[in-house]
Amino acid sequence: MSDAFIREVDEDLRQKQLTELWNKYGKLVIGIAIGIVIIVAGRGIYNYVVEGKYNEQADAYAQALLEDGADATSALDQIIASDVDGYEILATFRKAELALAAEDKLGAVKILDEFIATATVPTLYKDIANVQAAILEVDSASVDEVRGRLSLILNGETTFKYIAAEIVALAELKAGDTDAAKARLEELLLGEEVPGSIKNRAEQYLSVIDE
């Protein structure tokens, strides 16, 4: 049995393990992104409701959550078109979540990209949308496309840069750029401000690479 064949089998096993890890943790990261939107946007919405504003959109959003399929999408579209701060954000991410539940990744990414391009909201929410879209594209987009989408976040000062670095490392691994991915993951592992959950995942990815 040749050394080349053994290396090929080992590489296939590593890729399988990395894919299994990403399938396990990718859904968690998506959930975190959506959770942040709900918590942060929800606080702003609460303040407006207390002041007696946005009650109509509050009712419309509550009703949209009760709908299914095309009815839900239509209801959410109306909320997004209203351009009411907070509810526009929640409705967009809910619409993307519904597309993802229907196994329409491309549709979910399109929804998020339209939000990024047109919404007049704080950068925080566009960063979350870019992170979410990158997660959905990591299996299909090129590593350069993933890096390009996340470049501003990677070079920024928000905590999203750590999730962005993890996603780029996964894209690099899938592209066969193991050295770049390993360096990025080691940086995450050693970073003092990197959240513990991301450090744990980086350590698991590295353990697979180093086998």
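The values are calculated or read from the model by the stated rules, or taken from the named source; none is laboratory data. Everything quoted here is computed from the prediction, not taken from an experiment. All Cβ positions, even for glycine, are placed from backbone atoms using ideal geometry, and neighbour counts span all protein chains on display.
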Do you know which of the residues in segment 48-72 that are part of a helix (DSSP H, G or I) and crowded, with 20+ Cβ neighbours inside 10 Å is modelled with the highest pLDDT? Ala64
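Considering only residues of segment 90-112 that are out of contact with any Ser or Thr (no Cβ under 7 Å at 6 or more places or on another chain) and β-branched (Val, Ile, Thr), which is nearest to Pro122 (Cα to Cα)? Full working, then the answer.
The initial filter retains those residues of segment 90-112 that are out of contact with any Ser or Thr (no Cβ under 7 Å at 6 or more places or on another chain), namely 90-94, 96-97, 99-110, 112.
Imposing the further condition that a residue be β-branched (Val, Ile, Thr) reduces the set to 92, 109.
Values: Thr92: 14, Val109: 19 Å.
Here the answer is Thr92.
Could you check segment 75-131 and list, in sequence order, the residues that are polar (S, T, N, Q) and within 16 Å of the chain's Cα centre (by Cα)?
Looking only at segment 75-131, we keep the residues that are polar (S, T, N, Q), and these are 78, 82, 92, 118, 120, 123, 130.
Answer for segment 75-131, where residues must be polar (S, T, N, Q) and within 16 Å of the chain's Cα centre (by Cα): Thr92, Thr123, Asn130.
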Contact list please: Cβ distance under 8 Å, first residue in segment 138-163 and closer than 17 Å to Ala183 by Cβ, second residue of a type in the set (Gly, Ala, Ser) and part of a loop (DSSP other than H, G, I, E, B), pairs at least six apart or on different chains. Val143/Ala175; Tyr162/Gly191
Residue list for segment 93-124, restricted to those being of a type in the set (Asp, Glu) and in a loop (DSSP other than H, G, I, E, B): Glu103, Asp104
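Residues in segment 120-136 that are small (Gly, Ala, Ser) and touching a Phe, Trp or Tyr at 6+ places or on another chain (Cβ under 8 Å): how many?
Residues that pass the stated criteria total 1.
Based on this model, can you work out whether Asp127 counts as surrounded by 20 or more Cβ atoms within 10 Å (Cβ to Cβ), among the charged types (D, E, K, R) and part of a helix (DSSP H, G or I)? Walk me through it before giving the result.
Numbers: surrounded by 20 or more Cβ atoms within 10 Å (Cβ to Cβ): yes; among the charged types (D, E, K, R): yes; part of a helix (DSSP H, G or I): yes.
It is true that Asp127 is surrounded by 20 or more Cβ atoms within 10 Å (Cβ to Cβ), among the charged types (D, E, K, R) and part of a helix (DSSP H, G or I).
Out of curiosity, is Ala102 modelled with pLDDT of 85 or more, touching a Gly at 6+ places or on another chain (Cβ under 9 Å) and either within 19 Å of Ser82 (Cα to Cα) or surrounded by fewer than 18 Cβ atoms within 10 Å (Cβ to Cβ) (or both)? Working first, answer last.
Numbers: modelled with pLDDT of 85 or more: yes; touching a Gly at 6+ places or on another chain (Cβ under 9 Å): yes; either within 19 Å of Ser82 (Cα to Cα) or surrounded by fewer than 18 Cβ atoms within 10 Å (Cβ to Cβ) (or both): yes.
Yes: the conditions hold for Ala102.
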Which listed residue is touching an Asp or Glu at 6+ places or on another chain (Cβ under 9 Å) and among the hydrophobic types (A, V, I, L, M, F, W, C), from Val131, Val109: Val109
Please verify whether segment 71-89 includes one or more residues that are closer than 30 Å to Leu170 by Cα, out of contact with any Ser or Thr (no Cβ under 6 Å at 6 or more places or on another chain), of a type in the set (Asp, Glu) and without any contact (Cβ under 8 Å) to a residue 60 or more places away in the chain. no
Within segment 156-211, the residues that are surrounded by fewer than 20 Cβ atoms within 10 Å (Cβ to Cβ), among the acidic types (Asp, Glu) and assigned to a helix (DSSP H, G or I) are Asp179, Glu186, Glu187, Glu203
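Among the residues of segment 115-124, how many are touching a helix residue (DSSP H, G or I) at 6+ places or on another chain (Cβ under 8 Å) and either modelled with pLDDT of 90 or more or surrounded by fewer than 17 Cβ atoms within 10 Å (Cβ to Cβ) (or both)?
Taking segment 115-124 as the starting set, the residues that turn out to be touching a helix residue (DSSP H, G or I) at 6+ places or on another chain (Cβ under 8 Å) are 115-116, 119, 121, 124.
Restricting the remaining residues to those that are either modelled with pLDDT of 90 or more or surrounded by fewer than 17 Cβ atoms within 10 Å (Cβ to Cβ) (or both) gives 115-116, 124.
So the count comes out to 3.
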